[in-house]
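Worksheet: one structure, shown below.
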Amino acid sequence: MNKSASVVQPIPRARVQAMKEYHPPLGNRNAMRLDFNENTIACSPRVLEVLGRISAGDLTRYPERAPMEHIVAKHLEVAPEQVVLTNGVDDAIHVLFETFLDSGDELLLPVPTYTMYEVYASATDARAVTVQAGADLQFPFDRLVNAVSPRTKVIAVANPNSPSGSIATRQQIIELAQRASQAVVLVDEAYFHFYGETVIDLIASLPNVIIARTFSKAYGLAGLRLGVLAGPVELMRWIRRVLSPYSVNSLALACLPPALEDSAYLDWYVSEVITARAEFETALDAAEVRRWPSRANFILVDIGATHDEFVGLMSAGGVLVRDRSGDPGCDGCVRITIGTREQMREAVGVLYKTLEMLRGNREG
């Protein structure tokens with residue numbers, strides 16, 4: 001080999017080189033996890049029982065998604081043909097965008113919202129069009145409708161939304177889907193259990209609505225990566241064509257039935273979070289911390305210029321929270337996941353000490 005010859009290395013396609021990067025602040029999370037909106041304690045004990053019965057032989061087989069899709073469809077009260085299971089909702093978003101977004105198309109996003117929508121869109125040849133919410137961070141319905149164009153191919157609506165905790169009403173979603181009949185309207189209901197309202201029934205009457213759900217939040221299965229898309233049969237056919245038949249692993253599939261069956265555990269955890277959310281809101285108000293109303297398992301608060309220091313001091317006190325000041329319209333904001341009442345009462349103590357330190361520093 002001629003050592004003087006230059007070495008040419010493979011390079012990815014231009015779109016990948018231009019992709020937005022996302023580096024979640026994972027690692028060293030051995031503290032109270034109020035930073036990623038996960039279930040903060042555990043999954044159902046029935047899930048652990050099933051995991052304990054998994055054999056070495058079970059792991060030698062390719063996963064079969066279809067039987068579990070029938071179970072999920074029955075749980076969601078839709079037809080099996082209207083459901084696909086995915087490797088977490090991230091996989092669902094990625095596959096949906098790969099299925100429907102082409103060169104010259106537009107993804108319409110109300111912002112701030114879930115970061116990965118724009119990340120996955122940047123891997124396609126479509127263009128992301130963002131519509132900024134107002135200072136109240138409520139769903140910018142009128143501005144979003146006015147931004148719909150013939151090029152709009154997908155509209156992503158997180159409902160409830162992250163990081164704001166705001167919601168789009170049922171009527172707003174219906175009108176949006178009707179106004180943009182050429183576009184897929186993705187309604188991401190990742191935080192459905194803490195809100196209690198769904199529009200999944202609309203997939204029977206609106207041919208362009210798709211619902212996403214996750215088992216990472218209320219169910220406590222974030223480590224297994226399991227999500228679901230539900231939509232009109234015709235749209236699901238195209239998504240199945242893009243989706244890998246083996247994308248959902250066997251362990252996740254085995255854990256799904258017991259997670260769905262243990263409604264008592266799910267109801268208890270959701271009730272804990274909703275009660276704790278109300279208590280934590282009262283504590284924030286008493287501390288004169290500005291917050292936004294939330295229908296999810298988190299609250300967005302306005303810390304201001306000391307947001308970095310706030311996150312660091314909370315972590316030093318054993319409570320992890322998430323800095324969201326980089327999100328559009330969220331300068332100085334921090335998102336705090338809501339756990340159980342016991343956890344949040346402990347978190348309030350750390351919060352008050354942190355605020356006292358920050359205010360003391362300002363006055364000094």
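Numbers at a glance
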item	result
Residues in segment 202-220 that a label on A264 would reach, taking backbone N under 19 Å of a point 7 Å out along Cα→Cβ	219-220
For segment 203-344: rounded, prolate or oblate by the Cα gyration tensor [a/c cutoff 1.5]	prolate
GluC sites (Glu not before Pro) restricted to DSSP loop in segment 52-130 with at most 16 other C-beta within 10 Å	E64, E77
Distance (nanometres) between label positions extended 7 Å along Cα→Cβ at N361 and R61	5.6
Three-way shape call for segment 162-280 based on the alpha-carbon gyration tensor, with the a/c threshold at 1.5	oblate
Dipole magnitude (debye, nearest 20) for the chain, charges at Cβ of Lys, Arg, Asp, Glu	780
Additional length obtainable on full extension of the chain from A287 to N249, 0.36 nm per residue less Cα span	9.1 nm
Residues S6 and D201, FRET efficiency given R0 of 51 Å [Cβ-Cβ distance, rounded to 0.05]	0.25
Residue-span extension gain [D125 to R151] - 0.36 nm each, minus C-alpha spacing	8.1 nm
Global form of the chain, assessed from the alpha-carbon gyration tensor, a/c cut-off 1.5	rounded
Amide proton proximity set for V184, modelled H, under 5 Å, gap of 5+	V154, I155
The chain: DSSP helices with Cα axial extent of at least 20 Å and average Kyte-Doolittle hydropathy no lower than -1.0	263-286, 341-363
Normalised contact order of the chain, rounded percent, pairs of Cα under 8 Å and 6 or more residues apart	22
Cysteines without a disulfide-compatible neighbour (Cβ-Cβ under 4.7 Å), the chain	C43, C255
Solvent-accessible heavy-atom area per residue, rounded to whole Å², over segment 95-173 at 1.4 Å	35
For N161, net neighbour charge (Lys/Arg +1, Asp/Glu -1) across residues whose Cβ lies under 10 Å away	0
Rounded percent of accessible protein surface that carbon and sulfur make up, segment 269-364, 1.4 Å probe	47
Environment charge at V187 (Cβ cut-off 12 Å; Lys +1, Arg +1, Asp -1, Glu -1)	-2
Efficiency of FRET between E175 and E81 - r from beta-carbon atoms, R0 22 angstrom, step 0.05	0.20
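The values are calculated or read from the model by the stated rules, or taken from the named source; none is laboratory data. Keep in mind it's a predicted model, so treat the numbers as computed, not measured. We place every Cβ from the backbone using ideal geometry, glycine too, and count neighbours over all the protein chains shown. Heads up: the accessible areas ignore ligands, DNA and RNA and are worked out on the full protein's heavy atoms, side chains in. Shrake-Rupley method; radii C 1.70, N 1.55, O 1.52, S 1.80 Å.
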